[in-house]
Amino acid sequence: MSLVEAAEAAGAAPRVAAGPDRATVSGFLALFRSELLLTFRRVRTMALLGALAALPVLIGVVVKIETGGLHGGGDGGPPFLAQVTQNGVFLTFTSLAVALPIFLPMTVGVVAGDAVAGEATSGTLRYLLVAPAGRIRLLAAKFTAALAFCAAATLAVALTGLITGSVLFPVGKVVLLSGDTVSLGESLLRMVLIAAVVAVSLSGLVAIGLFISTLTSSGIAAMAGTVGLVVIVQVLDTIPQLAAIQPWLFTHYWLTFADLLRHPVYWDGVLHDLGLQALYVAVFGAAAWARFSSRDITA
Amino acid sequence: MRGRGGQAPAPVGGAAVIRTRGLTKRFGRQLAVDGLDLTVPRGSVFGFLGPNGSGKTTTIRMLMGLVAPSAGVATVLGESMPQSLGRVLPRVGALIEGPALYGFLSGRDNLVRFDAADPTSDPRTRSARVAEALERVGLSAAAGKKARAYSLGMKQRLGLASALLRPRELLVLDEPTNGLDPQGMREIRALVREVAAEGTTVFLSSHLLDEIEQVCTHAAVMSKGRLVVQGTVAELAARAQGRLVVRTADTERAAEVLAAHRVTAIQVIHGQLDGRVEGDPSGVAPVGSLDESLPELCAALIAAGVRVRGFGLERGTLEDAFVALTGEGFDVAG
C-alpha cells in the first residue's frame, strides 16, 4: 500500500505549524470591519438608504406645490409641516417625524432581521463559525453593523431633509415649539442631537430583530417577522384600552424627540425613550445570545 | 458481519487527530448518529463513507462545533469539542456540505471575509494568503468576478481555497469533488495528495468509492447512524471476498456444475454469444486453500463438457466490501 507509506513518510516531517496563533486585537476587530463593509456594500442597503433619502425630497416637493392650501389648515398632517414653508430647516424635523414610525423601522427590520438568518440561508454562517468567528463575537459584529445602519439611515433622512429644505424654502432663525427663537447654528446643533436620539431610539428594535434572526434559518421570515412586529406594536400603541402596557412598548416614546425643540429642553420623554431602548437591548440581546450560543447550526 | 468489527489502526506519528467515544446526536425522536467511536490517525487521508442520510454530515458538524452532541465526547487535535473550538478551529480547514458564498462579493472578497472571521489570522498577511490560496485552486484569473457568476465547480474551488487560507493540521472535506468535471476531480485529488504530503491530515467524506480507493489511506463506513467498520483501505478491501468468474456459452450447465461443487451465490449473466457465471467459491474450500481447489473446479467444468473461455478469481473492491458490510447499494438512503 504505497499511499499508506507515503502518508507515513510525510507524517514524520510535517510542514504545518504545531500550535495556533494568538488572537490579536486587530484580528479580533477584523470581523467588525468586515461586517460593516459587507452591510454597506450590498445593493440592498444602498436601495434602502436611497428610498429613505427620497422621502424628504418627496415631502418637500409636495409642500412646495401645495403651499397655498397648507397655510389655512395647519392642524392636520405630520408635525412641523406647517412650519416648513417659513423655514426649510423644519423639513428635516418633519421628515424624521414621518420616517420614524414606519419607514425607518422597516429598513432597520430588514437589516437586523436578515443579520444572522440571512447568513444561515446562504450557508455562509457555518463557514463563519468554523473559521472560527465565535458566536458571541459574530453577534456583536452584527449588532454593531446594524447600529451603524441605524445611524446611516437617520442621517440619510436628516441630510436630504436639510438640503431639500434649504433649496426649496427660506432658511433662517428657527422659532422653537416653546416660542423662543434660536440661531440657525443652534438649530443645526439641535438637529444633530435629534438625529442621534432617533438613531439610538432604533437600537431596541435592532436587538429584537437580531433575536428573531437567531430563531430561524430563513432570512425572509426573520425580516418579515421583525417588520411585522413593528407594525403590530405601532397599532397596539394607538389602542386606548392598552394604556397600561403602552409605556413599555419600544415605539411609545419615539416621537418625544420633538421635546428637544423646546427651550429649555424637556428631557423627560427622551430619557424615558433611551432608558427603554437600553432595557430592550439588554433583554433581547441576552435572549439572542442565549439562543444563538446554544443553537445547532444545521443549515 | 455487522457491528464494530474493525479495530482502529495504531495512530501514525502520535495521537489521533480526531477521536470520538460514544458520540451520539438525536434530533427530536430521530437518532442521527448513534454511539460513534471514530479514530482518525495523524497524517492519514481518511475516507468517510456512507449512504446519504447515514449520519456523516451530522458527525462532521459535531466535530466542527456546529452541532452539540446529545451524548459522548469528541476530541479534535487533542482538545475536546465544542468546548475548545476557539483554539482548535484555526488549525482546521473545512468544506462542509458544499460551498456557500456571498454572491454579491468577488471571489477574492469572499476569502477576505472568511479570513477576517478568524481572530487568530494576521490581517497584515491577509491579501498575500488570499492570493496564494486562489492560485492554489486555479482561480487567480477569476478572483475579481462576482461569486454569483461562478460555476458550481468554481464555487467548489473557492470553498477549498477558504479551507487553505492558512497551513492547517487538519482538512475536513465533505464531498469536495461534487459538481466538478473529471479534469477538475483529478486536480482536486492531486491537491488533496499535495496537502497530505505536507503533513496535513485529511478527513474526506465521499460517496465515490473509487475516489476513496485512489486517495485515502484509511476509511470508515457509516450506515444508519452507526459506524460499521474502520481501518486502512487495504484492510477493508481485503475483507471483500473475491468472486469466481467463469466465461462460457454454456452458462446453465456451468451453473449446475458449480452448484454441485458447493459454490454459493451463483449469478448467471447472459451475454450475446457468451455468458458469465459468477459465484462465491468460499463454500468449496476453506479460504487460503482456495487456490488449490480452483484447478479441480476447472477440471470438473471441462469434464462436464462446459466450453470454458475464461476462468478465474476477481479481486474484491471497496465497493464489494461496502455492500457486504451495509447490505445495501451505495446510493440507497439509510
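Across B:M81, B:M185, the residue with the most accessible area heads the list, and the full order at a 1.4 Å probe is B:M185, B:M81.
Here the spin labels are modelled as points 7 Å beyond Cα on the Cα-Cβ line, and at B:Q83 and A:S294 they lie 1.9 nm apart. For the protein assembly as shown, the mean residue ellipticity at 222 nm estimated from helices alone is -16000 deg cm²/dmol, where every DSSP H run of n ≥ 4 contributes -39500 (n - 2.57) and the total is divided by all residues, rounded to the nearest 500. With a 1.4 angstrom probe, the accessible area lost at the B-A interface totals about 4000 Å². By the rule of a C-alpha distance below 28 Å, with chain neighbours fewer than 8 residues away ignored, the lysines paired with A:K173 are A:K64.
Only protein heavy atoms count here; under a 1.4 Å probe, A:D296 has an accessible surface of about 40 Å². Short version: which residues of the stretch A:279-299 lose at least 20 Å² of accessible area, all chains versus chain alone, 1.4 Å probe? Flagged in the stretch A:279-299: A:D296, A:I297, A:T298.
Interface residues of the stretch A:124-139, defined as those losing at least 40 Å² of solvent-accessible heavy-atom surface relative to the isolated chain (probe radius 1.4 Å), are listed as A:T124, A:R126, A:Y127, A:L128, A:V130, A:A131, A:P132. Using a probe radius of 1.4 angstrom, the carbon and sulfur fraction of the accessible surface of chain A is 71%. Computed from point charges on the beta carbon alone (+1 for Lys and Arg, -1 for Asp and Glu), the dipole magnitude for the stretch A:29-294 about its Cα centre is near 880 Debye. Mean partner shielding of peptide B:159-170, defined as the number of other chain Cβ atoms within 10 Å of each residue Cβ, is 2. Shown here is the pair-distance distribution of the stretch B:16-236: with all Cα-Cα distances grouped in 5 Å bins from zero up to the longest one, the shares run 1, 7, 15, 19, 20, 16, 12, 7, 2, 0 percent. Peptide B:193-202 has a mean shielding of 4, counted as Cβ atoms of other protein chains within 10 Å of each residue's Cβ. Looking at the protein assembly as shown, the accessible area is 42 square angstrom per residue; that uses a 1.4 Å probe and ignores ligands, DNA and RNA.
Label sites at B:A141 and B:A15, each approximated as a point 7 angstrom past Cα along Cα to Cβ, lie 4.5 nm apart. Taking all protein chains together and rolling a 1.4 Å probe, A:F103 ends up with roughly 90 Å² accessible.
Filter the DSSP H helices in chain A by two things, a Kyte-Doolittle mean of at least 1.0 and an axial alpha-carbon span of 30 angstrom or more, and list the hits by number. Once both thresholds are applied, what remains is A:43-65, A:135-168. What the Kirkwood sum gives for the protein assembly as shown is a hydrodynamic radius of 28.9 Å, with every pair of different alpha carbons counted. What do you get for Rg/Rh over the stretch A:29-294 if you use C-alpha atoms and the Kirkwood form of Rh? So for the stretch A:29-294, dividing Rg by the Kirkwood Rh gives 1.01.
Annotation: for a label point projected 7 angstrom from Cα along Cα→Cβ of A:H263, residues of the stretch A:150-185 with backbone N closer than 19 Å are A:171-185. Taking every alpha-carbon pair in the stretch B:44-95 and binning the separations at 5 Å intervals from zero gives 4, 19, 27, 25, 18, 6, 0 percent.
Would you please state which residues of the stretch A:144-171 a label at A:L29 would reach in this model, taking the label point 7 Å out along Cα→Cβ and a backbone N cut-off of under 16 Å? Once the point is set 7 Å along Cα→Cβ of A:L29, A:144-145 turn out to lie under 16 Å by backbone N, inside the stretch A:144-171.
The values are calculated or read from the model by the stated rules, or taken from the named source; none is laboratory data. All values reported here derive from a predicted model rather than from experimental measurement. Methodologically, a virtual Cβ is constructed for each residue, glycine included, from the backbone with ideal geometry; neighbour enumeration extends over all protein chains shown. All accessible areas refer to the heavy atoms of the entire protein, side chains included, with ligands and DNA or RNA removed. Shrake-Rupley method; radii C 1.70, N 1.55, O 1.52, S 1.80 Å.
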